[in-house]
Structure formats: structure tokens, C-alpha cells
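K.L.:
Below are the C-alpha cells for one structure; questions will follow.
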């Protein structure tokens, strides 16, 4: 299979200097490596041309964020498999082989995520994807190895291959035909949780999504937007609500929307009590944007074609905060 590793970059020369060598050393024999540049104003493109002439460069006309950035770049790249890789990821020897092996043997598998460990604490899973993603009753995302901010140590408990609901955008490998059939990422998201929407729509078409624990990468996380950045809070709260409107089945729709709006309000109060009012304001702005986009996203809804029980029928909020269950194996 013709494979393309595509790294989206925006003013990330320092990250490219640190992490591009591992990608080239451990991937170049199995894939063509691309950097998709989102109209950077630093010297990223010149740096690549000077030091890594084997790396292909796709220059986007503007910074359209994660979603539009990849859509623009992938429209110009011919490959059977796209591996979308964050610029702050260190790959490991033979990381790609197990992923491509599953694609070759499982024709219905459209998306694969490797094991995602923390670059800053390599014994533990990383927040953005850990051991593969799932969605609970209220549309909240969580992972094997990460429930809210609780991160598990990697003790080999997630070394196998198994179905997941969503794959992390930090390292998401997808069949190009499926990506283009779905018309790529929804550009209204800009960044954050657009990969969950893509995975949801992929399953609506009847395809499978897998986690491959034999493949390992290390992710810095927060290199583009830090956790403390209110812009990140805004995008996460808004886009999570838009995911609900766009994808949750009709029988759960009103319950989930109503519950999420209440819980978001509680989160806003929590930020205020913690003397972080800028994040409370970010949630308020997220809700304003949500209301503005509600009917447009309502039109985007498509009937789930695969199965209705797309989530674990429980609330992660209840499990984590009320019952103090912090590990995936304890969730019921």
C-alpha cells in the first residue's frame, strides 16, 4: 500500500527540529513523508528544504486550523493510507509496520491509532489518545488509559489490538478512499474533536476503527494550544456540543443536549470558584457559538447506520466524580 505520513505544521520549526528526525529514521522505508505547512510565518519551510530535502512540502494558502489544513493538504497527496501525525510526536522503531499489517489483513478497518504515550513521562499514557478513544452516554470522550485528567501507567495492559470508537488526531491513520468519501474533516470545527466527528461518521458508513498496541509513539501534547489557553477551552466545549448535535441518535438527543448544557454551566462555575474566570467566559462564548450553529449542524445529522449502542451506557462524569473510578477497567 502506498502510504503517506503527513505532518501539519504552523510556525513549528523548533518542533520539526526535534521530532522530524525520528519520523524519517523510523518511517522513510515504508512511507513518503510530507509536511503540510499552514502558512507559517517562521522559517519552517526553509528549514525543511535545507536540512531534509527528502521530505515533501505542501504549502497551504492560509492557516485553516487542523481541519481545513489537512483537507487542503490531502487533496494534493496521492496515497492509499494517510498517517496524520502531529509535529510534536516522536515515533519508535517499526511503529508503522503493525498498523499497515492490520490495514492489509482487515479490509473493513478504515482508521487505526497506535499506543500514545507521554513524551514527558514515557511510563504513562498521554492525554490526547492514550489507548484509544470512546464516548459515553452524554457524548463525553475518554480513553483506555485516560479518564478525564487521570492518566494510567503503561504496564502492558493495552498491548493488544481492539475496536475503539475514536482515534486521536495526534496520530490517526486512515484509508484515503474513506477520508475523501467523507469529504474529510468538518472545517467548522477548526481544531479539537474534529477527529471524533470523523470517526463517528466513518462508523456510520459501517467501517471499523482499531487501536494497535504493538505500535508506540510519544506525544508532547499541548504544543499548539496549552491546556491553560482559554481558546482551547472554548473549542473543546463548543465542538463537543456540536458533535452531539451532529451525531447522537434521535432517541438520546434531547436528554444529551439538556444534560450537557447543565454540566457545562457547572464547569463554568467551577472555573469561577477556582479564580479562572477567563475559562468561564470561554465556556459562555462556546455556548453562544453553539446556539448560532445549532440549526446548521442539525442539518448535518445523518442516521447512524452501524449500531445505536455506540457508547457505554453510563456517565463518565458520574463514574469519575461520584464513584471515584479513575481507571478504565473499573468503569461499569
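The values are calculated or read from the model by the stated rules, or taken from the named source; none is laboratory data. Since the structure is predicted, the reported quantities are computational estimates derived from the model, not experimental observations. Neighbour counts run over all protein chains shown; Cβ positions are idealised from the backbone, glycine included.
K.L.:
Taking the residues in segment 141-161 that are assigned to a loop (DSSP other than H, G, I, E, B) and touching a residue at least 60 places away in the same chain (Cβ under 8 Å) as candidates, determine which candidate is surrounded by the fewest Cβ atoms within 10 Å (Cβ to Cβ).
P.N.:
My answer is 148.
K.L.:
Only one residue in 174, 196 is touching a residue at least 24 places away in the same chain (Cβ under 8 Å), crowded, with 23+ Cβ neighbours inside 10 Å, outside any strand (DSSP E or B) and in the same structural domain as residue 75 (by TED's automatic domain parsing). Which one?
P.N.:
When all the criteria are applied, what remains is 196.
K.L.:
Among the listed residues 237, 258, 273, 253, which satisfies the condition of being out of contact with any strand residue (DSSP E or B) (no Cβ under 7 Å at 6 or more places or on another chain) and crowded, with 17+ Cβ neighbours inside 10 Å?
P.N.:
237
K.L.:
Answer yes or no: is there a residue in segment 36-51 that is within 26 Å of residue 235 (Cβ to Cβ), out of contact with any strand residue (DSSP E or B) (no Cβ under 9 Å at 6 or more places or on another chain) and either in a loop (DSSP other than H, G, I, E, B) or in the same structural domain as residue 171 (by TED's automatic domain parsing) (or both).
P.N.:
Yes, there is a match, as at least one residue in segment 36-51 is within 26 Å of residue 235 (Cβ to Cβ), out of contact with any strand residue (DSSP E or B) (no Cβ under 9 Å at 6 or more places or on another chain) and either in a loop (DSSP other than H, G, I, E, B) or in the same structural domain as residue 171 (by TED's automatic domain parsing) (or both).
K.L.:
Follow-up. Can you pull out the residues in segment 144-168 that are within 19 Å of residue 120 (Cβ to Cβ) and touching a helix residue (DSSP H, G or I) at 6+ places or on another chain (Cβ under 6 Å)?
P.N.:
148
K.L.:
Another question about this same structure. Select, from 110, 73, the only residue that is at pLDDT 95 or above and assigned to a strand (DSSP E or B).
P.N.:
That would be 110, the only listed residue that is at pLDDT 95 or above and assigned to a strand (DSSP E or B).
K.L.:
Still on this structure: Taking residue 187, is it over 21 Å from residue 140 (Cβ atoms), surrounded by fewer than 24 Cβ atoms within 10 Å (Cβ to Cβ) and in contact with a helix residue (DSSP H, G or I) (Cβ under 6 Å, 6 or more places away or on another chain)?
P.N.:
Spelling it out, residue 187 is indeed over 21 Å from residue 140 (Cβ atoms), surrounded by fewer than 24 Cβ atoms within 10 Å (Cβ to Cβ) and in contact with a helix residue (DSSP H, G or I) (Cβ under 6 Å, 6 or more places away or on another chain).
Yes/no per residue for (1) more than 18 Å from the chain's Cα centre (by Cα); (2) in contact (Cβ under 8 Å) with a residue 12 or more places away in the chain; (3) more than 26 Å from residue 182 (Cβ to Cβ); (4) buried (at least 21 other Cβ atoms within 10 Å of the Cβ):
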site: 14; (1), (2), (3), (4): yes, no, yes, no
site: 29; (1), (2), (3), (4): yes, no, yes, no
site: 32; (1), (2), (3), (4): yes, yes, no, no
site: 47; (1), (2), (3), (4): yes, yes, yes, no
site: 67; (1), (2), (3), (4): no, yes, no, yes
site: 74; (1), (2), (3), (4): no, yes, no, yes
site: 79; (1), (2), (3), (4): yes, yes, no, no
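K.L.:
Let me ask you something else. Is it the case that some residue within segment 253-273 is at pLDDT below 95 and assigned to a loop (DSSP other than H, G, I, E, B)?
P.N.:
no
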